[in-house]
Amino acid sequence: MIAPDTGRRAAEGERRSEVAEPTVTLSRSGSVGVITIDNPPVNALSQEVRIGLLSALEQAELDPTLVGGVLRCAGRTFVAGADITEMDAPPSEPTLPTVADAFERSRLCWVAAMHGTALGGGLELALACCGRVAEPGTRVGMPEVTLGIIPGAGGTVRLTSLIGAEAAARLVTTGKQIDAVESRQIGLIDVIAEDAHAASLEIAGSGGRAIETSPTPRAPKPEFWDQESIRVREKARGQESPIEALAAIREAATLPRAEALQAERRRFLRLRESEQAKALRHVFFAERKAGASLRNVPKAADLQRVGVVGGGTMGSSIATAVLISGTAVTLVEQDDAATARARNLIETNLKASAKRGVISSVEPVLARLSVCTALSDLEECPLVIEAVFEDMAIKTALFKALDDVLPATAVLATNTSYLDVRELARSVRDPSRVLGLHFFAPAHVMKLLEVVRLPQTSDPALAAGSALARQLRKTAVVTGVCEGFIGNRIMAAYRRNAEEMLLRGAQPETIDAAMRDYGFAAGIFETQDLSGLDIAWAMRKRRRLEGKDPAIATISDALCEVERLGRKTMGGWYDYVDGRQVSSPETARLIAEFRDGAGITPRVYTAAEIVNSILAAMSREAEAILREGIAEGPDDIDVVMIVGFGFPRYRGGPMYIARKAQ
Ligand code: 3HC
């Protein structure tokens, strides 16, 4: 006999009992069968779940008193996809296509009651049902391309016939999630209801008659496929799966259904084994494990207000990030003119964020900002981040002053990129309250946060950093103290290696092109031109004075000496003509002069040589960082380089590549 449905969903964080409970159960509510998946944390479709689904479905089919069924999930979310932990092994029976087909062929009308996120295989299951109901906050999507694969359980075919090839291509080639309202607009879901379970019971009880049949979506114009193919290829930068996803949608739109289903499955199985998919699975789990020691400290309460000292570009951008997260900010600047400038910068950042759809309007977010000129106004901030000029004397004086006016419990964070945080910590009475929070520009856009842990940093200080990362939805990685921390130190090794190749015969444009073709968003020389060559020049001069670097001039120095500082001076490594980046004869001449001076006969570098040389330099530096205990593990290094420095995600990161080659 089928047990009655209680309609109850496990609360967030509620644990299953110690006794192994089935991950799939069948209950009934009147004449409706209710299949509940309960496989925390995200109801992934493991083999056990797939077996349970087929068995529950079979049992429901055999009950002649049932007229319909509801497919629902316990816990925080509807099914978030296939179980990614199973993907390194061969597919196991029953496969997801078998389960989806069984739902589609069932004599009962199944309605998917969705909440949380219905993603990948989860959405594919919902698409195999005859109706879909979602709660208002639900998000749906096909993120398979982000894992180097495409939907493999009929998703491209069912989605295309339901919402049309254009909308399906947009979802499947980008992996983008959309909300319930947009899903309803494009016909992906039938109903939005506060209580998806109750609404689904009603629809299923009517045998599906309550679902309006949507009109057959119109076919795209013939030119759509070529245009879309160019767009997808450009964005993919060498990643295979988005291109394959578009091909699958095209087949779904043009081939007979059965053939399209088979073709999709073949593509899925091939991609599942690909090097890119393996690398992307590595990154998926590495990102979730990142910053391990932040999880081992007792969780701090949410920060209600954060202090920021310094309202220049970086300070304002950090303040913007905090404000967007819903947290209040007290920003301190030297005088009224500087606070007004900071407020303007923040408002400009917020307007741009509103344009990008990150916030719906500027005013309520800006209302959380207080600007002032006295450090004592930071009294109510449990965490204060300094983002003043990158100069040890200035920062030390500020920390001393903060130490005098703030309560002993306040955590002091520095956003320094290169200065020694230990020296800074020595300027306060209790160095255990100091840590580094290294944001990346622009801080309200970039997802990476390096949390710099000193030997003395206390657990509460680390917990405050962790709370901030959580609130800002940043990917936080813990780093020890060294020049450049993890990311900038590895990028410095990349830059040194690239300059060495310049000296030996390569040109900036050949090096940049090789790295772009490898999948980087931009080359190192064009990036330097964008941010300006003078900051690194000043740092090199400082290091030479301190005896940290040999006093040997570089090609970069030669460019800076003739005022070629990048885009801002209309010339750096490249020339800029009407905003267009072009090769620079002047730079080529300076490089040639430098080579002559060093007595070097130039040689030709192939793209493969360039890439291999730079990757080797990056991984050598990364290994040193690991040996010195600066990074907590190799995966964290991969996460830093991918999330913060544009290392191609589908390559897995420098450590992943180095370890694979061993
Ligand atoms: N399989 C296995 N484990 C998964 C998983 C999945 N599909 N999705 C999430 N997890 C695990 C995470 O590893 C994490 O484990 P941990 O606690 O041990 O670190 C835990 O679930 C919670 O995940 P998050 O930390 O990411 O939790 P969030 O609340 O931040 O995000 C989420 C939830 C939006 C569901 C996010 O986890 C996510 O995007 N998951 C992946 C979704 C996805 O890519 N689905 C497609 C899978 S491929 C597929 O379906 C193929 C099919 O077409 C055949």
Practice prompt. Report the paramagnetic label zone for Ser214: residues of the stretch 252-273 whose backbone N is under 17 Å from a point 7 Å from Cα along the Cα-to-Cβ axis.
Written response: 252-253
Practice prompt. Between Ala661 and Ala408, with labels modelled 7 Å along Cα→Cβ, what's the label distance in nm to one decimal, could you check?
Written response: 5.3 nm
Item to complete: Subtracting the Cα-Cα distance from 0.36 nm times the residue separation, let me have the gained length for Asp101 to Glu561 in nm, one decimal.
Response: 158.7 nm
Discussion item. At 7 Å along Cα-to-Cβ for each site, give me the label-to-label distance between Ser92 and Arg356 in nm.
Written reply: 4.1 nm
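Grab the other residues whose beta carbon is less than 14 angstrom from that of Leu350, score K and R as +1, D and E as -1, and report the net.
Working: positive: Arg343, Lys351, Lys355, Arg356, Arg368; negative: Glu347, Glu363.
Summing Lys/Arg as +1 and Asp/Glu as -1 gives +3.
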Discussion item. Taking 30 Å as R0, compute the FRET efficiency from the Cβ-Cβ separation of Asn344 and Ile394 and round it to 0.05.
Written reply: 0.85
Item to complete: List the pair-distance distribution P(r) of the chain, using every Cα-Cα distance, as the percent of pairs falling in each 20 Å bin from 0 up to the bin containing the longest distance, rounded to whole percents.
Response: 16, 43, 32, 8, 0
Worksheet item: Relative to the longest principal Cα axis of the chain, at what angle does helix 508-518 sit, 0 to 90 degrees, rounded to 10?
Response: 20 degrees
Practice prompt. Calculate how many DSSP beta bridges within the chain are antiparallel, expressed in % of all such bridges and rounded to the nearest 5.
Written response: 30 percent
Item to complete: Could you tell me which of rounded, prolate or oblate describes the stretch 487-629, using a ≥ b ≥ c as the square roots of the eigenvalues of the alpha-carbon gyration tensor, with rounded for a/c under 1.5 and, failing that, prolate when a/b is larger than b/c and oblate otherwise?
Response: rounded
Worksheet item: Given 10 Å bins starting at zero, what is the percent of C-alpha pairs of the stretch 339-451 in each, up to the one with the largest pair distance?
Response: 13, 38, 35, 13, 1
Discussion item. Quick check: the angle from helix 165-174's long axis to the longest principal axis of the chain, C-alpha only, nearest 10 degrees?
Written reply: 50 degrees
Worksheet item: Within the stretch 496-515, whose backbone N sits under 19 Å from a point 7 Å along Cα→Cβ of Asp596?
Response: 502-508
Item to complete: Multiply the residue separation of Asp302 and Ser55 by 0.36 nm, subtract the distance between their alpha-carbon atoms, and state the gained length in nm to one decimal.
Response: 84.5 nm
Discussion item. If I fit a long axis through the Cα atoms of helix 96-105 and take the longest principal axis of the Cα atoms of the chain, what angle between them do I get, 0 to 90°, rounded to 10?
Written reply: 40 degrees
Worksheet item: Given the Cα-Cα distance of Thr606 and Glu273 and 0.36 nm per residue of separation, how much length would full extension add, in nm?
Response: 116.9 nm
Practice prompt. Quick one: which residues, 5 or more positions from Thr117 or on another chain, have an amide H under 5 Å from its amide H? H modelled 1.01 Å from N in the peptide plane, none for Pro or chain starts.
Written response: Phe78, Arg139
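Bear in mind that the values in this text are calculations on the coordinates, not laboratory data. What you are looking at is a predicted structure, and each value in this text was computed from that prediction instead of being measured. Backbone-built Cβ (ideal geometry, glycine too); neighbour counts: all protein chains shown.
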